[in-house]
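The values are calculated or read from the model by the stated rules, or taken from the named source; none is laboratory data. None of these values were measured; they are calculated from a predicted model. So basically every Cβ, Gly included, is an ideal-geometry build from the backbone, and we count neighbours across all protein chains shown. Accessible surface areas use protein heavy atoms only, side chains included; no ligands, DNA or RNA. Shrake-Rupley method; radii C 1.70, N 1.55, O 1.52, S 1.80 Å.
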Amino acid sequence: MLLVLKNNDEELGREAARIVANAVRKNPAIRLGLATGSTTIGLYKELGRLHREGSLDFSRVVTFNLDEYFGLSATHPQSFHYFMREHFFSCVNIPEKNIHIPDGAIKGDYDRYCNSYEQSIREAGGIDLQILGIGRNGHIGFNEPTSSLGSRTRLKVLTRETIDDNRKFFEPGEEIPQCAITMGIGTILEAKRILLLASGSAKAAPIAQAIEGPVTASCTASALQHHPDVMFLVDKAAGAQLKQQDYYRHVLEMTAKLTPDRL
């Protein structure tokens, strides 16, 4: 596990984009696992800039998004389909056929649909680089506390805390999604490489729990401690409660010297 501390959200976005861009250049047909949320906007903005300037080609990239609100159509302004098209897909040249986002408007056999999403990931060859955010309660994707650490893509009921956090994004009186379709912890851990982004003081406690706390379903991000190649990229506010910051900086310095390709 590597931890990289940045001064602010802007620096975090640029560094995240550098990591993703290098991965795309090394493997133009890379399979990317994508996340939404305010922390990813800087990443997507910078990747869009690199593409516009001609230094980054996404024409062979394949993407799989982590999750989507259940009950929202792809055109709903708060759907993750809408978010991704506004902040990323409209800014780069990923072919439409290479874009995969869970369908929040499905009807009928949810288990069958979720299994088919898993199958699509397997048929593509698995995810090479998975981007993650983290919730205030330590969730990754929509794997709320008590989620099985071996879980797969499924329909998940959201906690009251997550629903309350989401309320500000919806119009007054508008029904707020109670469930989401999400990749499971087991699905996420199968990615070859993971990059988790976090910014702001609200993420300080879950980041500390995920990195320095025990592995527990109470903080599903802590399961990342079991992954062989994961980087936490956080700003100072999100990393404020970490107790081993000096050691993390030392590890990063030694990694840059001994295995610079990891960075």
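Looking at F64, is it surrounded by 17 or more Cβ atoms within 10 Å (Cβ to Cβ), part of a strand (DSSP E or B) and not hydroxyl-bearing (S, T, Y)?
Numbers: surrounded by 17 or more Cβ atoms within 10 Å (Cβ to Cβ): yes; part of a strand (DSSP E or B): yes; not hydroxyl-bearing (S, T, Y): yes.
Answer is yes for this residue.
I need a count of the residues in the stretch 206-225 that are surrounded by fewer than 18 Cβ atoms within 10 Å (Cβ to Cβ), without any contact (Cβ under 8 Å) to a residue 60 or more places away in the chain and outside any strand (DSSP E or B). First the steps, then the outcome.
Just the residues of the stretch 206-225 that are surrounded by fewer than 18 Cβ atoms within 10 Å (Cβ to Cβ), to begin with: 212-218, 225.
The next check asks that each one be without any contact (Cβ under 8 Å) to a residue 60 or more places away in the chain; those that pass are 212-214, 216.
With outside any strand (DSSP E or B) added as a condition, the list becomes 212-214.
Residues flagged as surrounded by fewer than 18 Cβ atoms within 10 Å (Cβ to Cβ), without any contact (Cβ under 8 Å) to a residue 60 or more places away in the chain and outside any strand (DSSP E or B) within the stretch 206-225 amount to 3.
Under 6 Å between Cβ atoms, which residue pairs at least 6 apart in sequence (or on different chains) link something in the stretch 24-53 that is under 23 Å from I140 (Cα atoms) and open to solvent by 30 Å² or more (accessible area, probe 1.4 Å) with a partner that is in a strand (DSSP E or B) and not basic (K, R)?
Taking only residues 6 or more apart or on different chains, the pairs are R31/V62.
Checking N93 against (1) over 25 Å from S199 (Cα atoms); (2) open to solvent by less than 50 Å² (accessible area, probe 1.4 Å), which test does it fail?
Looking at each condition in turn, N93 falls short on (2).
For the stretch 147-174, enumerate the residues that are β-branched (V, I, T) and closer than 16 Å to T220 by Cβ. Steps first, please.
So in the stretch 147-174, the residues β-branched (V, I, T) come out as 153, 157, 159, 162-163.
Those that are β-branched (V, I, T) and closer than 16 Å to T220 by Cβ: T153, V157, T159, T162.
Here's a check for you: in the stretch 226-252, which residue that is closer than 9 Å to M1 by Cα, part of a loop (DSSP other than H, G, I, E, B) and not acidic (D, E) is most open to solvent (accessible area, probe 1.4 Å)?
P228
Within the stretch 96-107, which residues are open to solvent by 40 Å² or more (accessible area, probe 1.4 Å) and in a loop (DSSP other than H, G, I, E, B)? It would help to see each step written out before you state the result.
Going residue by residue through the stretch 96-107, those that are open to solvent by 40 Å² or more (accessible area, probe 1.4 Å) are 96-97, 100, 103, 105, 107.
Once the filter is applied, which keeps residues that are open to solvent by 40 Å² or more (accessible area, probe 1.4 Å) and in a loop (DSSP other than H, G, I, E, B), the stretch 96-107 yields D103, A105, K107.
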